[in-house]
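The values are calculated or read from the model by the stated rules, or taken from the named source; none is laboratory data. Worth saying up front: this structure is predicted, and the values here are computed from it rather than measured. All Cβ positions, even for glycine, are placed from backbone atoms using ideal geometry, and neighbour counts span all protein chains on display. Just so you know, the surface numbers come from the protein's heavy atoms only, side chains and all, with ligands and any DNA or RNA stripped out. Shrake-Rupley method; radii C 1.70, N 1.55, O 1.52, S 1.80 Å.
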Amino acid sequence: MMNRIEDEDDHVPKDHPRYQSLKYRHKIIEGMKNLIVAEAGLIAHGRGECFDYILGEQSNDIARNAMKAAVALMLISEKPVISVNGNTAVLVPEELVELSNELSAPLEINLFYRKEGRVEAITSVLKKAGAKQILGTDESKMVEIQELSSNRRIVDPEGIKIADVVFVPLEDGDRTEALKKLGRKVIAVDLNPISRTAIWADITIVDNIIRVLPEMIKIAKKLKGMNKTELKKIVDEFNNQKNIKDTLDLIKHYIETQKEVAFNILNK
Ligand code: ATP
Ligand code: MG
């Protein structure tokens, strides 16, 4: 029997303007049915889509510059960790594994909504994608970080607990703030440039995770040849305040342009 994602995709021609968006929407829905994605993950995805729309659903140089700084920071850090939740696991499993290998940064499953069977479901997705080592899976070994609220205070003693840099795609603001207060450097991927996560992070990549990971893998392959001094220079030259400001200007500009396009049609 054909699986439902392909089944649904059959109804959407590849040249449909919303093809990509619909394809990932189905992945998220299937992920929810398979326990990988939390119900609230669907809503978070929708919020992301909305911000992606006003970025023109494409990567830009500002985001790419933030990705470069992020890769450089992870390459010079002692213990970088990549935090994985249901949405990222279902959207970009192979890419998570590849980036983890390129940067020697372990994957840690870290969930906001810890439903019975979800860690196992995500583990299986990551293993299928080629992951060898996954942190955050052994309940008996997990420790609590008091400063963190929600279930995400339960972390792996070999991962986020001792990490110096944490890469957190699609993170919640409370947790980003708590990780910062704990002294971690935080790299966020968040399509909303004014979310609390985006504001609190040290490096905010305002772009869709489905485009970010393949791009970061490419950047990692390039930057791996550089020495620490060169990498540190990239990190030092990055300014997150400017990054967020430029992204907001870009959105303003895009909306102005789309306003003209819309009114050209409306006035016909
Ligand atoms: P915050 O808690 O940081 O203030 P929030 O409460 O508005 O943010 P959450 O639901 O906590 O939002 O976090 C989900 C975030 O992930 C949203 O800001 C959303 O824009 C973003 N997001 C969702 N899907 C993607 C995606 N595919 N790529 C990048 N970002 C995404
Ligand atoms: Mg939130």
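Structure values in brief
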read-out: Amide H contacts of Val189 (H built 1.01 Å from N, under 5 Å, at least 5 apart or other chain); value: Val168, Leu170, Glu171, Ile205
read-out: Spin-label pair Lys252/Val12, simplified geometry with 7 Å Cα→Cβ offset, distance in nm; value: 3.3 nm
read-out: Contour excess over end-to-end distance, with Cα ends at Leu182 and Ile265 and 0.36 nm allotted per residue; value: 24.7 nm
read-out: Hz values of 3J(HN,Hα) by residue in the range 240-250 - Karplus curve (6.51, -1.76, 1.60), Gly and Pro given as x; value: 5, 4, 5, 4, 5, 4, 4, 5, 5, 4, 5
read-out: Distant-in-sequence amide H partners of Glu108 (H built 1.01 Å from N, under 5 Å); value: Ile82, Ser83, Val84, Leu135
read-out: Under the Karplus curve 6.51 cos²θ - 1.76 cosθ + 1.60, θ = phi - 60°, whole-Hz ³J(HN,Hα) for the range 156-173, x wherever Gly or Pro sits; value: 7, x, 9, x, 3, 3, 10, 6, 9, 10, 10, 8, 10, x, 6, 8, 8, x
read-out: 1.4 Å probe accessible area per residue over the range 46-109, in Å²; value: 36 Å²
read-out: Solvent-accessible area, 1.4 Å probe, carbon plus sulfur percent, for the range 104-182; value: 48 percent
read-out: Rounded Å value of the spacing that divides the Cα centres of the range 73-92 and the range 189-268; value: 17 Å
read-out: For the range 19-61, alpha-carbon Rg and Dmax in angstrom; value: 11.4, 36
read-out: Sites Ile162 and Arg47, calculated FRET efficiency, Cβ-Cβ separation with R0 41 Å, nearest 0.05; value: 0.80
read-out: Relative contact order [Cα under 8 Å, 6+ residues apart], the chain, whole percent; value: 21 percent
read-out: Span per principal axis, largest first, for the Cα atoms of the range 21-143 (Å); value: 43, 38, 25
read-out: Approximate spin-label separation Ser21-Lys33, in nm, with each point projected 7 Å along Cα-to-Cβ; value: 2.3 nm
read-out: Rounded to 5, the percent of DSSP beta bridges in the chain classed as antiparallel; value: 10 percent
read-out: Residue of Ser100, Ser195, Ser140 that the Gaussian network model of the chain assigns the largest fluctuation, springs spanning Cα pairs under 10 Å; value: Ser140
read-out: The chain: C-alpha gyration tensor shape, a/c 1.5 cut-off, then a/b vs b/c; value: oblate
read-out: Cα shape, the range 42-84, gyration tensor, a/c 1.5 rule; value: oblate
read-out: Set of lysines with alpha-carbon distance to Lys115 below 29 Å, sequence-local pairs under 8 removed; value: Lys23, Lys27, Lys33, Lys79, Lys127, Lys128, Lys132, Lys141, Lys161, Lys180, Lys181, Lys185
